[in-house]
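Notes follow the structure.
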Amino acid sequence: MRGFGKSDVGMIRELNEDSVFVSNTSVGKLPNLYIVADGMGGYKGGEVASSSAINYFCEYARNYRGEDDILDIITEGVRYANRMIIRDARNDTERLGGMGTTFIALVVNDGKLHIAHVGDSRLYVADYNYIRQVTTDHSYVMELVKAGKLTKEEARNHPDRNCITRALGVDENLLVDGIINNFENRYIILCTDGLTNMLRDDEIEGILRLEWELEGKVNRLIYEANSRGGYDNISVIIIDREVG
């Protein structure tokens, strides 16, 4: 199993407020670690929020000495990163006030996916001719979908599709989704909405079918998002269980 990730500023934005982290080897007690984060905030707040969240999470993971299971470690790592971002924003309100970030952390171990998730960045599993979103978007339009007021296709083009209901940096009592899922598919994809607002799920899966290396598939996804406007920063990680 190996993962590869990349982040791109897109065609419109001046700053890249996304951040990614890929480690195919251990981070503290975690056997591997993959993260995407999509920041928000004025000035450089979003850029700082996403990169700082990853740094604080990794700090927590590397220093962890307890006996909790993987899911507990990563969900508490997200809560720790949240507290640190809130602290930093309070200490520099002029530059960092209002900053926040989405966050997905993934660890693969013993045939299972361990996921800690906040916001509308996504994690998919996929095979040829199959793709499924594992995470649930914490967003206003997803609440409308759940209530039966919008279809998923209508939500894709809704003017409030970027309005999220959970993010690191907003609430000290952050609710983190902790998910354990069997790893039964070939691919895992983590991505920010700069990709999913531009490409449908089946289009993402179609690129996975290309007989290319991981780096080529990641680059092609980013290229396709940019070719359709690249209105936001674009971050993608692909993990292939069949690549050593």
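One table, with the values for the structure above:
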quantity	calculated
Selection count where residues are over 19 Å from ILE234 (Cα atoms), of a type in the set (Gly, Ala, Ser) and part of a loop (DSSP other than H, G, I, E, B), scope the stretch 121-155	2
Near pairs, Cβ below 8 angstrom, 6+ apart or cross-chain, from the stretch 6-32 (free of Cβ contacts under 8 Å to residues at least 12 places away in the same chain) to any residue that is surrounded by 17 or more Cβ atoms within 10 Å (Cβ to Cβ)	SER23/ASN32; SER23/LEU33; SER23/TYR34; THR25/ASN32; SER26/ASN32
Search result, residues across the stretch 221-239 that are outside any helix (DSSP H, G or I) and either in contact (Cβ under 8 Å) with a residue 60 or more places away in the chain or open to solvent by less than 10 Å² (accessible area, probe 1.4 Å) (or both)	GLY229, GLY230, TYR231, ASP232, ASN233, ILE234, SER235, VAL236, ILE237, ILE238, ILE239
One residue from ASP18, ASP69 being open to solvent by less than 40 Å² (accessible area, probe 1.4 Å) and among the acidic types (Asp, Glu)	ASP18
Where LEU175 falls short, out of the listed (1) open to solvent by 70 Å² or more (accessible area, probe 1.4 Å); (2) farther than 23 Å from TYR34 by Cα; (3) assigned to a loop (DSSP other than H, G, I, E, B)	(2)
Residues within the stretch 200-220 that are open to solvent by less than 20 Å² (accessible area, probe 1.4 Å) and within 17 Å of THR135 (Cα to Cα), tallied	2
Within the stretch 39-66, considering residues that are in contact (Cβ under 8 Å) with a residue 24 or more places away in the chain and of a type in the set (D, E, K, R), the one surrounded by the most Cβ atoms within 10 Å (Cβ to Cβ)	GLU47
Failed item in (1) under 15 Å from the mean Cα position of the chain (by Cα); (2) closer than 28 Å to LEU96 by Cβ, with VAL170 passing the rest	(1)
Candidate set from the stretch 73-94 (those that are among the charged types (D, E, K, R) and without any contact (Cβ under 8 Å) to a residue 40 or more places away in the chain); member that is most open to solvent (accessible area, probe 1.4 Å)	GLU94
Members of the stretch 181-199 found to be under 21 Å from GLU17 (Cβ atoms) and open to solvent by less than 20 Å² (accessible area, probe 1.4 Å), listed by number	ILE189, LEU190, CYS191, THR192, ASP193, GLY194, LEU195, THR196, LEU199
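Residue by residue, here is whether (1) modelled with pLDDT of 95 or more; (2) closer than 19 Å to ASN91 by Cα holds:
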{"residue": "PRO31", "(1), (2)": "yes, no"}
{"residue": "MET40", "(1), (2)": "no, yes"}
{"residue": "TYR43", "(1), (2)": "no, yes"}
{"residue": "GLY46", "(1), (2)": "no, yes"}
{"residue": "SER51", "(1), (2)": "yes, yes"}
{"residue": "TYR56", "(1), (2)": "yes, yes"}
{"residue": "ALA61", "(1), (2)": "yes, no"}
{"residue": "GLY66", "(1), (2)": "no, no"}
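The values are calculated or read from the model by the stated rules, or taken from the named source; none is laboratory data. Remember, predicted model here, so these are calculated numbers, not experimental data. So basically every Cβ, Gly included, is an ideal-geometry build from the backbone, and we count neighbours across all protein chains shown. We work out accessible area using only protein heavy atoms, side chains counted, and drop any ligands, DNA or RNA first. Shrake-Rupley method; radii C 1.70, N 1.55, O 1.52, S 1.80 Å.
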